[in-house]
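Below you'll find the structure, written out as structure tokens, and then a few comments.
The values are calculated or read from the model by the stated rules, or taken from the named source; none is laboratory data. Since we're looking at a predicted model, the values are computed, not measured. Neighbour counts run over all protein chains shown; Cβ positions are idealised from the backbone, glycine included. Ligands, DNA and RNA are excluded from the accessible area calculation, which covers all protein heavy atoms including side chains. Shrake-Rupley method; radii C 1.70, N 1.55, O 1.52, S 1.80 Å.
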Amino acid sequence: MKLVVLDSQAVNPGDLSWDWLKAFGEVAVYPRTPEEEVVSRIGDAEIVLINKIAMTRQVLERCPNLKLICVQATGYNVVDCQAAQELGIPVCNVPDYGTDAVAQFTMGLLLELCHQIGHHNRWVQAGNWCTNPDFCYWETPQMELSGKTMGIIGFGRIGRRVGELAKAFGMEVLAYSRSRTPEGEKIASYVPLEELLEKSQALSLHCPLTPQTHKIINENTLNQMQTGAILLNTARGDLVEEAAVASALRAGKLRGYAADVLSREPMSPENPLLGAPNCILTPHMAWAPVESRRRIQRCTQDNIEAFLAGHPIHVVNP
């Protein structure tokens with residue numbers, strides 16, 4: 001059995017091991033793979049592990065020995081699943097590995113917008129407290145979460161966990177989702193989108209990117225939000241119309257926007273959010289604690305073992 005990892009840097013920049021793969025056969029590991037080298041690096045391998053490398057129909061048709069694609073992530077839009085299905089190649093993902101990490105990161109972004117802790121640390125480190133006549137001061141308005149309303153669009157595993165954390169801060173939680181669950185009803189009140197937009201002082205996005213949710217936050221929906229609300233996005237960049245968000249920040253309609261995801265990644269220098277006021281942008285890292293990445297590797301190992309045993313699991317193109 002031959003296995004190849006095409007973009008190991010994404011999941012394992014060096015603090016984990018790939019030795020567990022050797023139990024399955026001959027292994028080749030590449031930190032990154034340019035598009036033009038994908039086919040040659042797969043070669044006659046039977047199992048390929050990817051994170052963000054595109055598995056197009058053209059690639060799949062040129063790799064006749066390929067028998068399994070392991071996506072080391074939850075999202076699998078980088079794979080032409082229809083082509084893989086036609087060619088008899090199962091595509092397996094990792095359905096749940098970063099719930100706590102992403103929820104924790106989301107609340108970290110919210111707290112940063114409430115307090116601008118990083119700004120005040122830099123201000124103090126620059127010596128400004130040493131010369132201030134007052135024993136305490138703050139450069140930005142401070143916001144308390146208790147008693148505020150958190151609106152969550154998309155109430156799956158991560159959305160529900162964010163809801164639980166918001167409740168721990170004393171917030172009321174509203175949810176807008178395509179489906180209701182008993183677990184969700186214990187955490188939040190399900191409401192129509194219009195009501196959620198109108199009532200939320202903080203709004204967090206946790207829905208998948210679909211034709212229905214593409215740019216669900218746009219000029220129209222931003223206008224329905226409270227002036228001074230906070231918007232958070234740790235889901236997908238294309239859930240928001242970035243130019244409209246930048247305009248809302250400059251106009252003061254939004255108190256702040258924090259996102260770990262953008263419409264184009266790596267970020268384009270022309271992105272309208274670059275330099276926007278009260279905007280925090282991080283490089284798609286919410287999922288990245290070592291604990292989460294270990295879970296990715298363990299689930300990928302389970303996926304390979306189940307495939308070799310003849311009963312593949314976590315198959316997204318059955």
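Starting from the amide H of A28, placed 1.01 Å from N in the peptide plane, find each other amide H under 5 Å away whose residue is 5 or more places distant or on another chain.
When sequence neighbours closer than 5 places are left aside, the close amide H contacts are L3, V4, V5.
Go through 38-50, 210-222, 136-148 and give me the packing order, highest mean Cβ count within 10 Å leading.
Values: 38-50: 19.8, 210-222: 15.0, 136-148: 11.7.
Highest mean packing first, the order is 38-50, 210-222, 136-148.
Which one of A84, Q104, P289 is farthest out on the positive end of the charge dipole of the chain, using unit charges on Cβ (Lys, Arg +1; Asp, Glu -1) and the Cα centre as origin?
Q104
Of all the accessible heavy-atom surface of the range 114-256, with the other protein chains kept in place and a 1.4 Å probe, what percent is carbon and sulfur? Provide the component values of the computation, followed by the final result.
Working: 3770 of 7420 Å².
The C+S portion of the solvent-accessible surface of the range 114-256 is 51 percent.
Starting at the first residue of the range 234-239, write each ³J(HN,Hα) from the Karplus equation 6.51 cos²θ - 1.76 cosθ + 1.60 with θ = phi - 60°, in whole Hz, x for Gly and Pro.
For the range 234-239, the Karplus-derived couplings read 10, 9, 9, x, 6, 6 Hz, x marking Gly and Pro.
Can you work out the accessible area per residue across the range 1-158, with the rest of the protein chains kept in place, probe 1.4 Å, in square angstrom? All intermediate terms of the calculation are to be shown ahead of the outcome.
Details: 7850 Å² over 158 residues.
In whole numbers, the range 1-158 has 50 Å² accessible per residue.
Using per-residue counts of other Cβ atoms within 10 Å, averaged over each peptide, order 60-72, 181-193, 231-243 from highest down.
On the way: 60-72: 19.4, 181-193: 14.6, 231-243: 22.8.
Put in order of decreasing packing, that is 231-243, 60-72, 181-193.
HN-Hα J couplings of the range 50-59 from phi, Karplus 6.51/-1.76/1.60, θ = phi - 60°, integer Hz, Gly and Pro as x?
Rounded to whole hertz, the list is 9, 10, 10, 6, 6, 9, 7, 4, 4, 5.
Under a 5 Å amide H to amide H cut-off, with H placed in plane at 1.01 Å, what residues pair with A175 once short-range neighbours are removed?
I152, S189, Y190, V191
If you fit an axis through the alpha-carbon atoms of helix 99-115 and take the longest principal axis of the Cα set of the chain, what angle between them do you get, 0 to 90°, nearest 10?
30
Take each of the peptides 249-262, 113-126, average the number of other beta-carbon atoms within 10 Å over its residues, and list them starting from the highest. Intermediate values should be presented prior to the final figure.
Working: 249-262: 20.4, 113-126: 14.3.
Sorting 249-262, 113-126 by mean packing, highest first, produces 249-262, 113-126.
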